[in-house]
Structure formats: structure tokens, C-alpha cells
């Protein structure tokens, strides 16, 4: 400013109000630089100027006070922002250290222990999923819960009616064939045996298909375990994960046929011997069956013989027309028809009884299979695979594979580890710089 100018209002902040105030300084002029006047002399002249012209505010102006004030503001700024800055760096350090730990150490020459550890994790995860000890999924059923649901809701038998295809004519035909040339007064037990086996044999196919259902679930569990291990290991050893999946699926498939054969034996046991002395088999007819028999007898006059044919009818006509020629009175057509109706009523009545016994015993076999099949599949397939998974994986991988090749680390993992290490070094250096700034200024 020009000589003689009074800048009190400006220095007091009355002309231009500012939040931190105004600090006046006197810069070295070009003339002073040309005359080689040193900085210390200029600072002394500055202090003299403010004491003589602005004594009331001299202590709050000049380069010396400006330096003190700026240093004070810097310290305040550091004090305000240091905690968040330091916390941010520390959090990043913790995060990258966790990543580095997940990535693991670089693969060493002896990789057998590393492969065994991965196999152990895989087998343990599979076991936990089967037994329900894995981290609970609240969105859908998984692992052993799905197998349990299939066991509880085994509905393949529900679509098969106990008396499906067991018509009245089928039963009566079976009874007549069982009698052969003999005239039977009672329903033959042979017909009951054959018809019961025929009905219960329809449970064979759905029983065997039930093994397919559980096998498919086990294969899905293996795929899930593979994906989970990849995520946890950050796909560190892709060849090893792929090989484990293939071998594990092979373990399940190897138990598939023996399990099917075991299930077939259980079904055959039921078919090869009909135990009509079973504790729950009741020879006493129920009320509905008794009523059906009563209705059959009441409606007998209106029934016709569904098994009569032209030959029978011709025999009846010939018999009635030739009665006089033999000197002995033969049955009239009316009497002949009455006899046929009586035989038909007996057969229908017996067929109703047989159908009742067949349906009852069929349900006994069905309930028995619904109880035995889950136990058989758990023993021969699920538990067998679960208990032998780790042992068989280790045996097959170490016997048939190059372990070093399988545990060759993914290039992406190697690069990620190096990048993480470099980032950690940068963060540690930043912490040192920050600490140095604090110590220097405080």
C-alpha cells in the first residue's frame, strides 16, 4: 500500500469480514532484493513497522505470527482428522491381511498335506450337509433335509390303487382257473396267492425308482460342496476341485447298483411269501364288504352270467328239446338258468371277499416297504457314501493322480497374493508417514 495509508479497518476485518481474521505482512520489495537485504533484516523492519503504526494489533500481524497461526491451524486439522484417517488405514490393513490369509501361503514343494486338507474340508462339508450340521439355510431345504423330505413324502405308491386292474371278472377267472376241472365249494387259496402277488408286484418299479431320486439329490449335494469349497478357497486349485467332484460322483454311482439290488431283494422278500397270518391282517370282513355281499345277493335275479357263451346256450336248447327221447325228465331252461345264477352269485360273493383280502394285504406290504426302503437306502447308499467319502477321495487321488499337478495354484491367485502384499506394504508406509507427521507437528 502507499505510504501514509491507514489499513486499521482492513487489518481488523471490518472492511472484508473473514472467519479466521486477516494477518498483515510486509513482503520483500524488489528494491530490497536488489540491495541484497537479508530476510532477517526485513522481518525486523516488519516488526518495527507494526509496533510504530499499529501498536494495538502488532502482535497479531507479521510473518512470525502468520507462521505460528498456520502451524496452529495445521495441528487442529490433523487432530480433527487423524482418528478417521488412522482408522481407515487400519481397517484396510485388516481387510488385506484377511485376504492374504484366505489366499494362503505360496504352494511348497510337498503338496500332499495341502491336498489332504482340501479333501478333508470337502468330505466334512458333505457330511455336515447330510447330517444337518452345516450353516442353516432359511430360504430352502438343502442337503439331508431334502432326502428326509423325500423319505417322509414318498408318494410313488399313492398313485397305485390297491385294486387297480382287479375287476370282478379278473378275480372270478382266476378262481375258476385255480379250480381247474374240480368243482370248488370255497374260494381257492391259490387264486388269493397269485392275485396278491400280482397286485404287490406293481410296487417293484416305483421302489427301484426311489433309489434314483435319492441318488440325484446326493449328486446335487456334491456339486454344491464343490462350489462352496471353490468359494472358500477362492478357486485356488481348480484342477483338484474338478477331480474331487468327479471322484465323489463316481463314489455315489458305484453304490447305486448295489443299492438297487438290495431294494429289489426287499421287494422280492415281500412277493415270495404272502404272510396272511400277519398281525394286522384281519380275516373278518369289514362292514362295507359285508354290505357289498348282501347287495349282490339281493340283486341276484337281475344278474346275468358274463361268462356264458353261444356254446352254453346251444347246450341248454338241446337239453330242453331232447328230454323226452331219453325217458328221463331233464332240467327245464328256467331251472338251468336258476342254477347258473346261483353259481354266479357264489363266485361274485367269493370275488368280493378275495378283493377285500388282496387290498388289505397289499396295504400291509405297501406300509412295510415305505418303512424299509428309506432304511435300506440310508444304509446302502447315503451312509455308505458319507462314511467312505474322505477315505476314497484320498485313495483315488493319491493313487491315480499327480498331486503336484492337481495342486498347481491358479495364476489369478498368485497374482492376487502379490498385489495384496504390495498393497499392505503401501498401507504400512502410509501409517509410518502419518505417525511422523503427528510427531513432527505435535
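Can you find a residue that is loosely packed, with under 14 Cβ neighbours inside 10 Å and either at negative phi or under 35 Å from the mean Cα position of the chain (by Cα) (or both) anywhere in the stretch 122-129?
Residues of the stretch 122-129 loosely packed, with under 14 Cβ neighbours inside 10 Å: none.
The answer is no; no qualifying residue exists.
I need the full set of residues from the stretch 415-433 which are under 25 Å from residue 234 (Cα atoms) and in contact (Cβ under 8 Å) with a residue 60 or more places away in the chain, in order please. It would help to see each step written out before you state the result.
Taking the stretch 415-433 as the starting set, the residues that turn out to be under 25 Å from residue 234 (Cα atoms) are 415-427.
Within the stretch 415-433, 416, 417, 420, 421, 423, 424, 427 qualify.
Within the group 215, 228, 246, which residue is without any contact (Cβ under 8 Å) to a residue 40 or more places away in the chain and either more than 30 Å from residue 174 (Cα to Cα) or outside any helix (DSSP H, G or I) (or both)? Lay out the reasoning, then the answer.
Details: 215 fails: without any contact (Cβ under 8 Å) to a residue 40 or more places away in the chain; 228 fails: without any contact (Cβ under 8 Å) to a residue 40 or more places away in the chain.
After ruling out the rest, the residue left standing is 246.
Of all residues being outside any loop (DSSP other than H, G, I, E, B) and closer than 13 Å to residue 368 by Cα in the stretch 252-278, which is nearest to the chain's Cα centre (by Cα)? Just the residue, please.
Step one: filter the stretch 252-278 for residues outside any loop (DSSP other than H, G, I, E, B), giving 252-272.
Now restrict to residues that are closer than 13 Å to residue 368 by Cα: 263, 266-271.
Details: 263: 26, 266: 30, 267: 30, 268: 34, 269: 35, 270: 34, 271: 36 Å.
Selected residue: 263.
Applying the selection to the stretch 147-162, what residues are outside any helix (DSSP H, G or I) and surrounded by fewer than 14 Cβ atoms within 10 Å (Cβ to Cβ)?
153, 155, 158, 159, 161
How do the helices (runs of 4 or more DSSP H) wholly within the stretch 11-124 filter down when requiring 2 or more residues that are modelled with pLDDT of 85 or more, in the same structural domain as residue 429 (by TED's automatic domain parsing) and closer than 30 Å to residue 415 by Cα: which remain?
Working: elements: 30-34, 39-53, 63-103.
Hits in the stretch 11-124: 63-103.
Residues that are at pLDDT 90 or above: find the helices (runs of 4 or more DSSP H) completely inside the stretch 330-407 holding 1 or more of those. Spell out the reasoning first.
On the way: elements: 333-377, 383-400, 403-406.
Helices (runs of 4 or more DSSP H) meeting the threshold: 333-377, 383-400.
Of all residues in the stretch 1-10, which are under 16 Å from residue 60 (Cα atoms) and not in a helix (DSSP H, G or I)? Lay out the reasoning, then the answer.
Of all residues in the stretch 1-10, those under 16 Å from residue 60 (Cα atoms) come to 7-10.
Answer for the stretch 1-10, where residues must be under 16 Å from residue 60 (Cα atoms) and not in a helix (DSSP H, G or I): just 7.
How about the stretch 46-67: which of its residues are surrounded by 14 or more Cβ atoms within 10 Å (Cβ to Cβ) and over 16 Å from residue 9 (Cα atoms)?
46, 47, 49, 62, 63, 65, 66
The values are calculated or read from the model by the stated rules, or taken from the named source; none is laboratory data. Because the structure is predicted, anything quoted here is derived from the model rather than measured. Please note: Cβ atoms are built from the backbone with ideal geometry, for glycine as well, and neighbour counts cover all protein chains shown.
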